[in-house]
Amino acid sequence: MPLVLALGSNLGDRESTLRDAVRAINAVDGVSVDAASSLVQTPALKLAGVDHSAPAYLNAVVLARSALEPHALLEHLQRIEADHGRVREERWGDRTLDIDIVTFAHVLVDDELLSIPHPRAAERAFVLVPWLQLDPGAMLPGIGRAADLLAGIENDATEFEAEPLW
């Protein structure tokens, strides 16, 4: 089934981490990467709001296909995060790698472990901007067109010069 993943990193060698993450996602048995956006940079977003004193994030979106069910995919993605030094000490804290499932076909999930579509994707330029690079007609199921959602929020995403991720 088709899926959209959002990747972000604001600690360490951000670009290298995102490249490695895309390769690791593609290496998961039952998952294949179809495309990856270019990189965008955004200020860190914390629980209290935008934090310009924290390291900026590099973000990208990956389009992929999965034969796994959503919770099994989540386990693999969390292992990839951990393999790249991700620690979960502070909610919305700085991190070496964050991988979120934005959409998973038209599957809806809402439990203590996982929410699909991602509950804040509609509010995040760092998800919508790179997603629209790959799919100008992108739709967030049950919410609306990504282009319309982006038009309604502050767009703080800037291009980041880098070789293609995929």
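The values are calculated or read from the model by the stated rules, or taken from the named source; none is laboratory data. Model, not experiment: these values are computed from the prediction. Heads up, the Cβs are rebuilt from the backbone with ideal geometry, glycines too, and the neighbour counts pull from every protein chain shown.
What to note about this one:
- Scanning region 21-36 for residues that are closer than 23 Å to residue 10 by Cα and in contact with a strand residue (DSSP E or B) (Cβ under 8 Å, 6 or more places away or on another chain) yields 21, 22, 25, 26, 33, 35, 36.
- Only one entry of 105, 67, 82 meets the criterion of being free of Cβ contacts under 8 Å to residues at least 24 places away in the same chain and either more than 23 Å from residue 131 (Cβ to Cβ) or of a type in the set (A, V, I, L, M, F, W, C) (or both), and that entry is 82.
- Test: residue in region 20-29 that is touching an Asp or Glu at 6+ places or on another chain (Cβ under 8 Å), over 15 Å from residue 95 (Cβ atoms), among the small types (Gly, Ala, Ser) and in a helix (DSSP H, G or I): yes
For every residue, the table says whether it meets (1) surrounded by 18 or more Cβ atoms within 10 Å (Cβ to Cβ); (2) over 18 Å from residue 161 (Cα atoms); (3) modelled with pLDDT of 95 or more.
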| site | (1), (2), (3) |
| --- | --- |
| 21 | yes, yes, yes |
| 27 | no, yes, yes |
| 31 | yes, yes, yes |
| 34 | no, yes, yes |
| 42 | yes, no, yes |
| 49 | no, yes, no |
| 53 | no, yes, no |
| 56 | no, no, yes |
| 59 | yes, no, yes |
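- The set of residues in region 64-98 that are basic (Lys, Arg) and surrounded by fewer than 20 Cβ atoms within 10 Å (Cβ to Cβ) comprises 65, 79, 86, 88, 91.
- Residue match in region 152-163 (condition: among the aromatic types (Phe, Trp, Tyr), crowded, with 20+ Cβ neighbours inside 10 Å, in contact (Cβ under 8 Å) with a residue 40 or more places away in the chain and touching a strand residue (DSSP E or B) at 6+ places or on another chain (Cβ under 8 Å)): no
- Any hit, region 9-22, residues being within 23 Å of residue 133 (Cβ to Cβ), without any contact (Cβ under 8 Å) to a residue 60 or more places away in the chain and within 15 Å of the chain's Cα centre (by Cα): yes
- Residue under evaluation residue 112, criteria (1) within 24 Å of residue 11 (Cα to Cα); (2) free of Cβ contacts under 8 Å to residues at least 40 places away in the same chain; (3) part of a loop (DSSP other than H, G, I, E, B), criterion not met: (1)
- The listed residues are 101, 80, and the only one of them that is part of a helix (DSSP H, G or I), among the β-branched types (Val, Ile, Thr) and in contact with a strand residue (DSSP E or B) (Cβ under 9 Å, 6 or more places away or on another chain) turns out to be 80.
- Odd one out for residue 50 among (1) touching a helix residue (DSSP H, G or I) at 6+ places or on another chain (Cβ under 7 Å); (2) part of a strand (DSSP E or B): (1)
- For region 124-142, taking the residues that are more than 11 Å from residue 61 (Cα to Cα) and at pLDDT 95 or above, the one that is surrounded by the fewest Cβ atoms within 10 Å (Cβ to Cβ) is identified as 137.
- Scanning region 99-119 for residues that are in contact with a helix residue (DSSP H, G or I) (Cβ under 9 Å, 6 or more places away or on another chain), at pLDDT 95 or above and surrounded by 13 or more Cβ atoms within 10 Å (Cβ to Cβ) returns 99, 100, 101, 102, 103, 104, 109, 114, 116, 118.
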